[in-house]
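Some notes on the structure that comes next.
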Amino acid sequence: MFKHAIVRTPCEAMVKGLSTAKLGKPDYALAFEQHQDYIAALRECGLQVTELEALEDFPDSCFVEDVALITPKGAILTHPGAPSRRGEVELIEPAIKQFFPYPDYIDAPGHVEAGDIMMVGGQFYIGLSARTNRQGAAQMISLLNKQGLSGTMVNMSALLHLKTGLSYLENNNLLTFGEIHHHPDFSDYNRIELTAEESYAANSVWINDTVLVPKGFPKALTAIKTLGYATREVAMSEFQKLDGGLSCLSLRF
Ligand code: CIR
């Protein structure tokens, strides 16, 4: 069960955020509205939400998931692979310390963005991407070990972050698409493969037996409902334009 979430209000500079999506620039007013509804959805799932102020110097700072990993045992602040995002770490630190006074840290030359990390109970899968390198993943695994948890590295090629291509919905259920669907590391899970045109919904979020699903992906929504979950759709068009998914917008713990 999760009890808390930390989110950060999108800044107006988000229109200059990193993107490969080729979907155009986000509309700030609509992004703000979608973010408010995202917060409402977290609250509907029973979470107490800490809302942090917008940071105009950091266009991608609403994607708080990347700058910290929160486990059931503690917090680890990351060192993002994207240089423009590194300053976000010290700015989220005070909020993390309110819950975890003594976090651990990833240091250069290690890079980690926690969008590359998927938690399955006490086991953490760490995707090696353009944003998370081997040194960073190795540091992360030893910090997880210190907490009595374990981690493994996952080789991948095409995705921005590991969780861009999969989500763990608990109960052994994994939403996947593309390269991740056939990845040997995940062959023991009940994998639900999404079609290429619905691949964005592979980043859905389990929160206390409700699954948040991005709006506009009807086959994914049906597949998740068929597994027996309650679902809550959240419009995400403006964040999709910045390669950001549902999980990226919060830290849940
Ligand atoms: C970035 O490229 O860093 C942002 N525009 C999107 C980050 C998405 N975060 C995530 O997948 N965890």
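DSSP beta bridges fully contained in the chain are about 40 percent antiparallel. Neighbours of residue 12 by Cβ distance under 15 Å: Lys/Arg scored +1, Asp/Glu scored -1, total -3.
For region 4-252, the residue among 112, 46, 18 whose Cα projects farthest onto the positive side of the dipole built from Cβ charges is 112.
This model, with +1 at the C-beta of Lys and Arg and -1 at the C-beta of Asp and Glu, gives the chain a dipole about its Cα centre of some 380 debye.
Using the Cβ of residue 123 as centre and a radius below 14 Å, the other residues enclosed give a net charge of -2, where K and R count +1 and D and E count -1.
Entry for region 4-252 at q = 0.10 Å⁻¹: log10 I(q)/I(0) = -0.42, Debye formula applied to identical alpha-carbon scatterers, no solvent contribution.
With each run of n ≥ 4 DSSP H residues scored as -39500 (n - 2.57), what mean residue ellipticity at 222 nm is computed for the chain after dividing by its residue count and rounding to the nearest 500 deg cm²/dmol?
That calculation yields -7000 deg cm²/dmol at 222 nm.
Ignoring lysines fewer than eight residues from residue 219 along the same chain, none have Cα atoms less than 17 angstrom from its Cα.
Net length available on complete extension from residue 170 to residue 18 is 51.7 nm, with 0.36 nm assigned per residue and the Cα-Cα distance removed. Judged by the mean number of other Cβ atoms found within 10 Å, the most tightly packed of the peptides 219-229, 10-20, 131-141 leads the ranking 131-141, 10-20, 219-229.
Taking all protein chains into account, the per residue accessible area for the chain stands at 42 Å² (1.4 Å probe). Positive contributions from Lys and Arg (+1) and negative ones from Asp and Glu (-1), summed over other residues with Cβ under 12 Å from the Cβ of residue 71, come out at +2. Heavy-atom surface analysis with a 1.4 Å probe gives the chain a carbon and sulfur content of 53 percent of its accessible area.
Separation of region 164-241 from region 98-156 is 22 Å, based on Cα centroids.
Descending by average beta-carbon neighbour count within 10 Å, the peptides 115-125, 27-37 line up as 115-125, 27-37, the highest first.
The values are calculated or read from the model by the stated rules, or taken from the named source; none is laboratory data. Remember, it's a predicted structure, so these values are computed and weren't measured experimentally. Glycine also receives a Cβ, built like all others from the backbone with ideal geometry; neighbour counts cover every protein chain displayed. Accessible surface areas use protein heavy atoms only, side chains included; no ligands, DNA or RNA. Shrake-Rupley method; radii C 1.70, N 1.55, O 1.52, S 1.80 Å.
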